[in-house]
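The values are calculated or read from the model by the stated rules, or taken from the named source; none is laboratory data. All of these numbers come straight from a predicted model, not from anything done at the bench. Glycine also receives a Cβ, built like all others from the backbone with ideal geometry; neighbour counts cover every protein chain displayed.
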Amino acid sequence: MSEDRKVGCTCSCGEEVSEQELLARLDGVLAEYRDKPGALIPVLQMAQGIFGYLPEVALKRIALGLNKSYSEVAGVVSFYSFFSTVPRGKHLVRVCLGTACYVRGGKRVLDTLKQKLGIDVGETTPDRQFTLEVARCFGACGLAPAIMIDDDVHHRVKPNKIELVLGPYRNGEAAKAERKVPA
Amino acid sequence: MPKLTIDNIPVEVPEGTSVLEAAQKAGIRIPTLCYLKDVQAIGACRVCTVEIKGARTLVASCSQPATEGMEVKTNTRRVRQARRTVVELLLSEHDGDCQTCNRSEDCELQAVARELGVKDITYPGAKAARFRDTSTPALTRDTAKCIACRRCVTVCNNVQGVAALWAQNRGFKTVIGPAFCQNLDEVVCVQCGQCGAVCPVGAITEKDHIAAVWEALDDPNKHVVVQTAPAIRAALGECFGYPPGTRVTGKMTAALRRLGFDGVFDTNFTADLTIMEEGTELLMRLKHALVDSKKGGNGHKDDHHTPGPLPMFTSCSPGWIKFLEHYYPDMTANLSTCKSPQQMFGAVAKTYYAQKIGKKPEDIFVASVMPCTAKKYECQRPEMNDSGVQDVDAVLTTRELARMIKQAGIRFEQLPDEKMDAPLGISTGAADIFANTGGVMEAALRTAWEIVTGKPLPFENLHVKPIAGLEGVKEASAKITGAKPEWSFLEGAELKVAVAHGLSNARKVIEAVRSGQKQYHFIEVMTCPGGCIGGGGQPRLTTNDHRLARIRAIYEEDEHRELRKSHENPAVMQLYKEFLGQPLGEKSHKLLHTKYVARTRV
């Protein structure tokens, strides 16, 4: 990998950081967790914080660093829907399809989002602004249907008002979601 | 010692015994699928479900410890119905191709369904997604047949310490496979086939070489010879209904002749040859470590290479070689440079033997019968063509040979006992024991000891007891006394050896050596538990009882021989005289020795 290769860091810090630099941060995490039992999931969470997603190069580094097989690491990553192996957009839009949201129109909200953003579930818009995912229950059943954009929960979302919800994120007006990124 | 009743039969078992094992002791059979004696008892498949008085739900008997006063029922209406439902649900997902599946004769899922009287599948749901992985030379995976019992995962991770397989994704979309459901060749897999050996269905099987062998046999321009590994003769009978541990060497030879092979030979011949080369190599390494390096400079300038470091590892087992190349690439110099007996055979058959019968290497087809799937991979390694063409053309597992014999309509049990052809079918008892853990070491010691001291190995009946048996890591040592003058530097030295089988045990030994905790001169490693007799190509299902029975048969085979030391093999001596010159000589070097590559872990 080349030293000067820039990757779009999606941790919403706005800066462009080289892959080399991100891997160095990951090595710091690995050094701290190397001998701790049960380290895999916390390390994966932090790696996703560093890279914005879990690229192959990071996963292989984690496998070596924690002395685990790549297949085991991949097994854990593919088990939990929280982990993503593809780059995510600047904003993560999650539509709740839990029972309450579903019966109160979550599916129609999702269909509208797909249409407005021009992407399917699990995909990212070409401008890398939005990633669309489905989720099960944010604990906001009484205010269904609910969606989450980054760390904000939006209640009683109506399909014909979706653009109003998305607007501030498109314009960069919404408060930047804080994510924990180890220095 | 808890006392309990199972179907009203009182039974007393040691603390920690499962209900399943207690039932077996009481003479009651409980069907299982994911359970694997001594290896896995995780209650994943729920087929072994039983009713226990006072328990709210049915209980998986394989993972439930028996306790004092427990009242177990294994044959109630509720139990029978639950088991049947479990199997019906498994069958509803299982895209088995049962008529053409190579497991159709010994499929455990099919057997359990029959046993439980499943007549209909009342759950017409989605089938598991089909992905066929044919990326490796040794194994074929078919995800649509997988029932996610996790036996392969447990064996690959816990027994072999390779961890190529793991559960990927979740729920209905679970795939048991390599990282992100890729091909096996994209992760570290040593192709030992222990996964396929424990698979209850046809989800992981050996890659078929039967067609290639038939094609060669049908080709009038090919001179087709076959070599059989020593472990075959102690297990092939199981495919024809003989009990484990039945020696069928003579019938196997007759069957191979009837299949049409032009020469029926023995990997044992080159096992003896391996001992000549590897035993000499060990002595050279010892000499280099004890004498030459102390003198300073390289005392072996005239030789073809400088002897490698100690400890020396055996190199007969291709899964082990690949394991070391991936996980300890800095230690490849410790591997004996000797090719495995299979590959030595191919190289000798296509040179020495080819000259003898006046054929070109390309007109000879060498088929192997191996207890092993990794041998299919080994014969395709790019280094293995020293005769000018690929030295070994096709590798059949024990199971594949049995299938060929059945395809040919040969009644195995009615065959007479026949003898193998000369010269590549002549061997000694030292070669037989290559089949089991501890055997290569014992065979090497029988010869090396005699070279150094001129006297037989000082163990009763030539068996090195401490390194026999199924203990994972075994050690032995012997003080060298009465060394001949040319080996006087070894006088009084304590020769220390270790033996490991199952790659997780190999890792233990390597780690102990690397940390300086242990010191050995020579270490034997066999990839599979029990050695080759428990290989990934042997008849299914191999338990420790099978391993012990097969090992017993191999030792009997050895003890029935007149010649039991490799250096007494007259055909091998003739090979050196007529063709090779001497062990580690120039020609040996070209044909019988090899190089290794450093690989990565991810």
Worksheet item: Can you find even one residue in the range A:94-117 that is over 21 Å from B:Thr600 (Cβ atoms), in contact with a Phe, Trp or Tyr (Cβ under 8 Å, 6 or more places away or on another chain), within 14 Å of another protein chain (Cβ to nearest Cβ) and in a helix (DSSP H, G or I)?
Response: no
Worksheet entry | Of residues in the range B:167-216 being surrounded by fewer than 23 Cβ atoms within 10 Å (Cβ to Cβ) and of a type in the set (D, E, K, R), the one nearest to the other protein chains (Cβ to nearest Cβ) | B:Arg170
Item to complete: Test each condition in (1) touching a Ser or Thr at 6+ places or on another chain (Cβ under 6 Å); (2) at pLDDT below 90 for A:Leu92 and report the one that comes out false.
Response: (2)
Worksheet item: Of the residues that make up the range B:244-263, is at least one out of contact with any Asp or Glu (no Cβ under 8 Å at 6 or more places or on another chain), within 30 Å of B:Ala448 (Cα to Cα) and aromatic (Phe, Trp, Tyr)?
Response: no
Worksheet item: Tally time: how many residues in the range B:419-467 are buried (at least 20 other Cβ atoms within 10 Å of the Cβ), of a type in the set (A, V, I, L, M, F, W, C) and within 30 Å of B:Ala255 (Cβ to Cβ)?
Response: 10
Worksheet entry | Candidate set: the range B:74-99, residues that are part of a loop (DSSP other than H, G, I, E, B), free of Cβ contacts under 8 Å to residues at least 40 places away in the same chain and under 36 Å from the mean Cα position of the chain (by Cα); chosen: the one surrounded by the most Cβ atoms within 10 Å (Cβ to Cβ) | B:Cys98
Worksheet item: Which condition breaks for B:Ala60 when tested against (1) without any contact (Cβ under 8 Å) to a residue 24 or more places away in the chain; (2) more than 30 Å from B:Asn157 (Cβ to Cβ); (3) surrounded by 20 or more Cβ atoms within 10 Å (Cβ to Cβ)?
Response: (2)
Worksheet item: Restricting attention to the range B:484-513, which residues are assigned to a helix (DSSP H, G or I) and without any contact (Cβ under 8 Å) to a residue 12 or more places away in the chain?
Response: B:Pro485, B:Glu486, B:Ser488, B:Glu511, B:Ala512
Fill in: When residues of the range A:67-85 are limited to those that are in a loop (DSSP other than H, G, I, E, B), small (Gly, Ala, Ser) and in contact with a helix residue (DSSP H, G or I) (Cβ under 9 Å, 6 or more places away or on another chain), the one farthest from the other protein chains (Cβ to nearest Cβ)
A:Ser84
Discussion item. Among the residues in the range B:537-555, are any in the same structural domain as B:Ile321 (by TED's automatic domain parsing), closer than 28 Å to B:Val452 by Cα and either free of Cβ contacts under 8 Å to residues at least 24 places away in the same chain or in contact with a Gly (Cβ under 8 Å, 6 or more places away or on another chain) (or both)?
Written reply: yes
Worksheet item: Any residue in the range B:27-49 that is part of a helix (DSSP H, G or I) and basic (Lys, Arg)?
Response: no
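Yes/no per residue for (1) under 29 Å from B:Glu400 (Cα atoms); (2) modelled with pLDDT of 95 or more; (3) out of contact with any Pro (no Cβ under 6 Å at 6 or more places or on another chain):
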residue: B:Val87; (1), (2), (3): yes, yes, yes
residue: B:Glu115; (1), (2), (3): yes, yes, no
residue: B:Ala128; (1), (2), (3): yes, no, yes
residue: B:Ala138; (1), (2), (3): yes, yes, yes
residue: B:Cys146; (1), (2), (3): yes, yes, yes
residue: B:Val162; (1), (2), (3): yes, yes, yes
Worksheet item: When B:Ala163 is evaluated against the numbered criteria (1) buried (at least 18 other Cβ atoms within 10 Å of the Cβ); (2) of a type outside the set (Phe, Trp, Tyr); (3) on the phi > 0 side of the Ramachandran plot; (4) away from chain A (no Cβ under 14 Å), which criterion, by number, is the only one it fails?
Response: (4)
Item to complete: Considering only residues that are in a helix (DSSP H, G or I) and of a type in the set (Lys, Arg), look in the range B:561-602 and name the one that is surrounded by the fewest Cβ atoms within 10 Å (Cβ to Cβ).
Response: B:Lys577
